[in-house]
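Below: one structure, written as structure tokens.
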Ligand code: ADP
Ligand code: MG
């Protein structure tokens with residue numbers, strides 16, 4: 001039966017697609033009108049479902065009759081097959097013309113009460129992120145309005161690519177997903193794909209391993225709007241960048257929209273090839289800042305509203321005032337506060353809010369250690385931890401080392417002697433000198449001061 005199916009499919013799809021998508025399928029069994037086929041991966045299954053469901057439906061109808069069904073068995077990583085019971089069912093009525101149907105095929109599966117979740121699954125979008133719950137403020141005005149413009153006319157505005165950057169927890173993912181969600185809602189046929197740069201990298205390395213680069217590229221080249229989150233993780237991954245460059249160019253040339261986010265401005269994306277960086281400048285780069293006090297109040301109020309929770313004004317103000325690191329942390333504190341109140345059956349008041357915040361800050365302090373500081377500083381300055389501990393006297397390294405010592409003094413309980421010991425056995429006077437130099441530089445060098453603020457934020461946020 002499968003042979004017959006294949007024959008028909010071959011006549012309907014291009015050679016390359018047939019090779020890529022149908023040859024690797026293994027027919028497993030035909031039982032009571034249900035044909036089970038094995039596909040190599042979840043990715044593969046999703047692709048088939050997205051692009052060939054109608055064709056498969058037709059084939060099953062011809063071969064197995066109106067009651068025929070198709071089930072997929074997806075091979076999971078370990079090599080064992082997992083029955084996913086995703087299935088394509090055919091309706092009872094015969095279409096007017098056998099091969100032509102005006103309505104897109106319908107997937108009936110256990111998950112198929114066509115829920116919002118199901119619809120968005122293929123895009124990897126979280127439907128809860130939208131512009132309505134993305135509070136506007138000075139902190140995000142440009143990025144947000146550019147985002148809306150792109151969502152209204154993907155691929156058409158000059159904001160292509162759209163690059164959004166900002167520190168952790170400032171709303172990058174929320175914003176770029178809102179764009180994707182709006183596009184999807186306005187035009188169901190538009191293929192939006194959201195993927196983190198890490199997932200892209202994994203898919204790509206898997207494709208190399210499985211010898212399926214062709215299907216990997218095929219998949220990406222038919223995306224209408226590609227959203228790549230956290231591109232800083234492409235740093236140093238040459239092969240992946242090359243592949244992304246290729247896909248980027250192809251999509252861009254075909255007028256497809258590309259949206260990216262990064263935790264730092266493109267000029268600071270060390271380890272990214274210049275030719276890729278220069279592409280980012282074709283479009284618009286917009287930054288996200290920490291929301292100001294009023295915007296933070298608006299964010300908290302919006303959250304309370306959607307969760308149906310009431311918090312007195314003075315507590316809202318206290319939280320908005322005290323949590324100035326990022327929005328994720330602000331939400332985290334809010335959640336802890338609500339949890340505390342619920343668990344202790346206490347009412348939410350200023351006292352409880354202060355207590356909650358104190359506990360959280362305490363947790364954070366106790367978790368920052370020398371290792372963590374060395375790692376963070378190394379990452380920030382793009383220097384290895386070995387170099388920090390080493391004898392090197394290169395200027396950048398010396399500064400980074402002093403910064404790390406300074407942070408150890410500020411954020412850990414280590415003695416000067418112990419800190420020196422952790423930096424290649426230096427003595428405590430070196431640490432005193434480092435702390436002094438860093439303090440001086442914070443005073444006179446605003447750029448440096450800004451870097452220090454970022455690092456300090458990172459220390460404070462550790463456990464959130
Ligand atoms: P990032 O990707 O930059 O690390 P996220 O997009 O994950 O940050 O945002 C962190 C949290 O803060 C999310 O829950 C998000 O919904 C919320 N958030 C960020 N900015 C806003 C905003 N302007 N309005 C409402 N919620 C926001
Ligand atoms: Mg994010």
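What's the extension gain from residue 328 to residue 277 if we count 0.36 nm per residue and subtract their Cα-Cα distance?
Values: separation 51, 0.36 × 51 = 18.36 nm, distance 2.82 nm.
Between residue 328 and residue 277, full extension yields an extra 15.5 nm.
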Extension gain (nm, one decimal) between residue 202 and residue 389, 0.36 nm per residue minus Cα-Cα | 64.1 nm
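What FRET efficiency would be calculated for the residue pair residue 346, residue 4, taking the C-beta separation as r and a Förster radius of 56 Å, to the nearest 0.05?
Details: r = 69 Å, r/R0 = 1.24.
Once the sixth-power term is evaluated, E becomes 0.20.
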Can you work out the FRET efficiency for the pair residue 446 and residue 294, with r the C-beta to C-beta distance and R0 = 25 Å, to the nearest 0.05?
-> 0.50
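Compute the FRET efficiency between residue 122 and residue 310 as 1/(1 + (r/R0)^6), taking r as their Cβ-Cβ distance and R0 = 56 Å, and round to the nearest 0.05. Can you show the working numbers first?
Working: r = 38 Å, r/R0 = 0.68.
Result of the calculation: an efficiency of 0.90.
Nearest 500 deg cm²/dmol is fine: what mean residue ellipticity at 222 nm does the chain get from its DSSP H runs of n ≥ 4 alone, each adding -39,500 (n - 2.57), divided by its residue count? Let's see the in-between values first.
Numbers: 20 runs with 245 residues, N = 464.
That calculation yields -16500 deg cm²/dmol at 222 nm.
Each reported figure results from applying straightforward, stated rules to the coordinates on display, with no laboratory input. Note that the structure is predicted; figures quoted are calculated from it, not measured. Ideal geometry is used to build each Cβ from the backbone, glycine not excepted, and the neighbour counts take in all protein chains shown.
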